[in-house]
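Here the structure is laid out as structure tokens; the discussion comes afterwards.
The values are calculated or read from the model by the stated rules, or taken from the named source; none is laboratory data. Just so you know, these numbers come straight off a predicted model, no measurement behind them. With ideal geometry, Cβ positions are generated from the backbone for all residues, glycine too; neighbour counts draw on all protein chains shown.
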Amino acid sequence: MKTSYLKAVRAEQIKLKRSPVWLAFIALPMISAFFGTFNYLLNIEILNSEWFSLWTQHSLFLCYFFMPSLIGTYCSYLWRLEHTRHNWNSFLTSPIPLSALYFGKLSQAVFMTILGNLWIFFLYYVCGRLSGLSSPFPKDAASWFLFGTIGAVTVCCVQLFFSLIIRSFAIPIGIAMAGGILGLLMTNKGLGLRYPYSLYCVGMRANNPNLELDVSALLSNSATYILIFVALSIFYLHRHEISAS
């Protein structure tokens, strides 16, 4: 099983090596950082908590609009080849176990999401220094990164399922965009921890002036959604494997 998984991971890495997805990976966080920093500088007299104020501006655009779309794009691209021509039947009848093939895709979605978060925090640091912030970089950023990543993995699992069952490339991305916007509404109503697309935002403390987090609720709800959508995806694959055999 371990060898099969490593082969699946390697195959996904080859597909992503020269993927145009990397352009979105680089560009969208940069656009978000630019608008967030610009808004911070325009309102610097009101936003006087330095790094924390800058983070509220960076994360507001990023977590509800850009990152869900980026994750949706990753996941759609990971299933794109399998959904074209006759590759679907070849995928289902592969000698590598379907669960290994699925986790190969999930691992790459998670890997790219972690890289995305690292890029986001690097941009945050650079923009802070360019904005004239001379105080130490906030230690709380490690917590934002950790719990934000856990929330992002949840979104990956949800989006991989939609990208699996919907053969269109664009529709799952639209679902991710709508999910992010609805996540803003759910968070504003105090329901962010119950909604999968809000977990990334809650973990990153986006739109959260007090920077508070119910860690146990985020972990338990994230784990629940991850298990549900991983199970649904593998069940869907095995059900269609029988039809293809």
Sort out which residues of the stretch 178-223 are assigned to a loop (DSSP other than H, G, I, E, B) and within 17 Å of Met67 (Cβ to Cβ), and write them in order of number.
Tyr195, Met204, Arg205, Ala206, Asn207, Asn208
Leu54: passes all of (1) out of contact with any helix residue (DSSP H, G or I) (no Cβ under 7 Å at 6 or more places or on another chain); (2) over 20 Å from Ile114 (Cβ atoms) but (1)
Which condition number in (1) in contact (Cβ under 8 Å) with a residue 60 or more places away in the chain; (2) more than 17 Å from Val230 (Cβ to Cβ); (3) touching a Phe, Trp or Tyr at 6+ places or on another chain (Cβ under 9 Å) is the one that Leu130 fails?
(3)
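For every residue, the table says whether it meets (1) at pLDDT below 95; (2) touching a Gly at 6+ places or on another chain (Cβ under 7 Å).
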residue	(1), (2)
Phe161	no, no
Gly180	yes, no
Leu185	yes, no
Cys201	yes, yes
Asn210	yes, no
Asp214	yes, no
Ala231	no, no
His238	yes, no
Ser243	yes, no
Within the stretch 11-31, the count of residues that are free of Cβ contacts under 8 Å to residues at least 60 places away in the same chain and either in contact with a Leu (Cβ under 8 Å, 6 or more places away or on another chain) or farther than 26 Å from Pro97 by Cβ (or both) comes to 8
Pick from the stretch 75-114 the residues that are in contact with an Asp or Glu (Cβ under 8 Å, 6 or more places away or on another chain) and buried (at least 18 other Cβ atoms within 10 Å of the Cβ): which of them is nearest to Ala8 (Cα to Cα)?
Gly104
Do any helices (runs of 4 or more DSSP H) entirely within the stretch 1-67 hold 1 or more residues that are over 17 Å from the mean Cα position of the chain (by Cα), among the hydroxyl-bearing types (Ser, Thr, Tyr) and surrounded by fewer than 16 Cβ atoms within 10 Å (Cβ to Cβ), and if so, which?
2-17
For the stretch 78-90, enumerate the residues that are farther than 12 Å from Leu106 by Cα and either in contact with a Leu (Cβ under 9 Å, 6 or more places away or on another chain) or part of a loop (DSSP other than H, G, I, E, B) (or both).
Leu81, Glu82, His83, Thr84, Arg85, His86, Asn87
Taking the stretch 32-50 as the search range and keeping residues that are touching a helix residue (DSSP H, G or I) at 6+ places or on another chain (Cβ under 6 Å) and not hydroxyl-bearing (Ser, Thr, Tyr), which one is farthest from Val158 (Cα to Cα)?
Leu47
Looking at (1) under 24 Å from Cys127 (Cβ atoms); (2) aliphatic (A, V, I, L, M); (3) touching a residue at least 40 places away in the same chain (Cβ under 8 Å), find the lone condition where Leu92 falls short.
(1)
Quick one: is Ala152 in contact (Cβ under 8 Å) with a residue 40 or more places away in the chain and hydrophobic (A, V, I, L, M, F, W, C)?
yes
I'd like to verify a number: residues in the stretch 126-158 that are more than 20 Å from the chain's Cα centre (by Cα), part of a helix (DSSP H, G or I) and exposed (fewer than 15 other Cβ atoms within 10 Å of the Cβ), how many?
3
